[in-house]
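Written out below as structure tokens is the structure these notes cover.
The values are calculated or read from the model by the stated rules, or taken from the named source; none is laboratory data. Note that the structure is predicted; figures quoted are calculated from it, not measured. Here Cβ is always computed from backbone atoms with ideal geometry, including for glycine, and neighbour counts include all displayed protein chains. Note: areas computed on protein heavy atoms with side chains; ligands, DNA, RNA excluded. Shrake-Rupley method; radii C 1.70, N 1.55, O 1.52, S 1.80 Å.
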Amino acid sequence: MSDTNKEMYLDDRIVTSYAGKTKLFEPEVTLFAAIKEEVAGQPIFDIGVGTGRTTPFLRELSQDYLGCDYSEKMTRYCQQLYPGVKFATVDARNMKEYRDGQFAFVIFSFNGIDSVPPEDRLAILKECHRVLRPGGLFAFSTHNIEKPVRSAFHLSNIEFTLHPLRMARALQIYFAGWAPHLRNRKRDVFTAEYNIRNDSGENFTLMHYYISKPNQVRQLQSFGFEDVRIVDRQGAWTEAATPDTTSSWIYYLARKRRA
Ligand SMILES: C[S@@+](CC[C@H](N)C(=O)[O-])C[C@H]1O[C@@H](n2cnc3c(N)ncnc32)[C@H](O)[C@@H]1O
């Protein structure tokens, strides 16, 4: 898995597509309600901030807020949208700009961590752990390996409607996904620990990491996180052992172990 995802995140069309998303997802509503008292007024680090979807909600929790992204197109967009708020162009794989234990809450929302190759994901987890203070909280979402693979050719990718213009557009989008999928699906990887899949994200232009809940919990624990809590796509707290074949992605909340 190379950095082709990064090229996509530097594309103006992707920036525009993310800029259209302004609401919290259900699991984030659940998570933010759970952590709000603990992180109120504390330093918050919003990694892979994209076009700043989470920024106003996190700034409601604390004005001590910093957003970063490795795509300067994204950070430039955020800076224009929220003048006076701090944003930086930084790659989560190496966040040497930030001190050990600098933040009370670190978040990498909406599966941004799934964009990098598997070994780089481990580097990101290490960095997130490092910049958190002992006892600090880390939240992120990641794709769910239990959700069956769906190719671009699957008719369920079409958003059927009786409106003729919208239906024409839906068909255009459906067929536009075929070429990138034919190109990218050769790069799929299936291992016992994780999958790398070319999925419907940005119409089959991206490759994403998928992992099971038990393996994700183990991965977090191996980096020194504990008290791992899990929220499904519908926003309900769930357990690692509970099967879930419907959530395309799942949120995790973990605490950095106190020494
Ligand atoms: C799916 S978008 C989500 C954007 C935003 N967080 C949201 O929830 O709407 C993932 C974001 O993560 C960023 N990203 C991916 N890998 C990154 C890395 N290694 N370091 C920093 N940002 C990264 C991408 O540029 C992109 O803006």
A careful count of residues in region 245-259 that are of a type in the set (A, V, I, L, M, F, W, C) and open to solvent by 40 Å² or more (accessible area, probe 1.4 Å) gives 1
Exactly one of 188, 199, 227 is without any contact (Cβ under 8 Å) to a residue 60 or more places away in the chain, under 21 Å from residue 50 (Cβ atoms) and not aromatic (Phe, Trp, Tyr), and that one is 199
Those residues of region 58-113 which are on the phi < 0 side of the Ramachandran plot and among the small types (Gly, Ala, Ser) amount to 62, 67, 71, 88, 92, 104, 109, 112
Within region 115-132, residues being crowded, with 24+ Cβ neighbours inside 10 Å, farther than 16 Å from residue 6 by Cα and within 12 Å of the ligand (Cβ to nearest atom) number 1
Pairs where the first residue, in region 33-48, is modelled with pLDDT of 95 or more and the second is open to solvent by 60 Å² or more (accessible area, probe 1.4 Å) and outside any helix (DSSP H, G or I), C-beta under 6 Å, 6+ apart | 43/64
Given (1) within 10 Å of the ligand (Cβ to nearest atom); (2) surrounded by 14 or more Cβ atoms within 10 Å (Cβ to Cβ), index of the condition residue 30 fails | (1)
Which numbered condition residue 18 fails, given (1) within 13 Å of the ligand (Cβ to nearest atom); (2) open to solvent by less than 30 Å² (accessible area, probe 1.4 Å); (3) among the hydroxyl-bearing types (Ser, Thr, Tyr) | (2)
Starting from region 70-91, keep only residues that are of a type in the set (Lys, Arg), then list their pairs with residues that are within 14 Å of the ligand (Cβ to nearest atom) whose Cβ atoms are within a distance under 8 Å, requiring at least 6 positions of separation or different chains.
-> 73/9; 73/10; 73/11; 73/12; 73/15; 86/65; 86/66; 86/67
Do the conditions hold for residue 16, that is, is it of a type in the set (Val, Ile, Thr), in a helix (DSSP H, G or I) and at negative phi?
-> yes
Residue tally, condition among the charged types (D, E, K, R) and either over 18 Å from the mean Cα position of the chain (by Cα) or open to solvent by less than 10 Å² (accessible area, probe 1.4 Å) (or both), over region 188-244 | 8
How many residues does region 71-114 contain that are within 10 Å of the ligand (Cβ to nearest atom), open to solvent by 30 Å² or more (accessible area, probe 1.4 Å) and assigned to a loop (DSSP other than H, G, I, E, B)?
-> 4
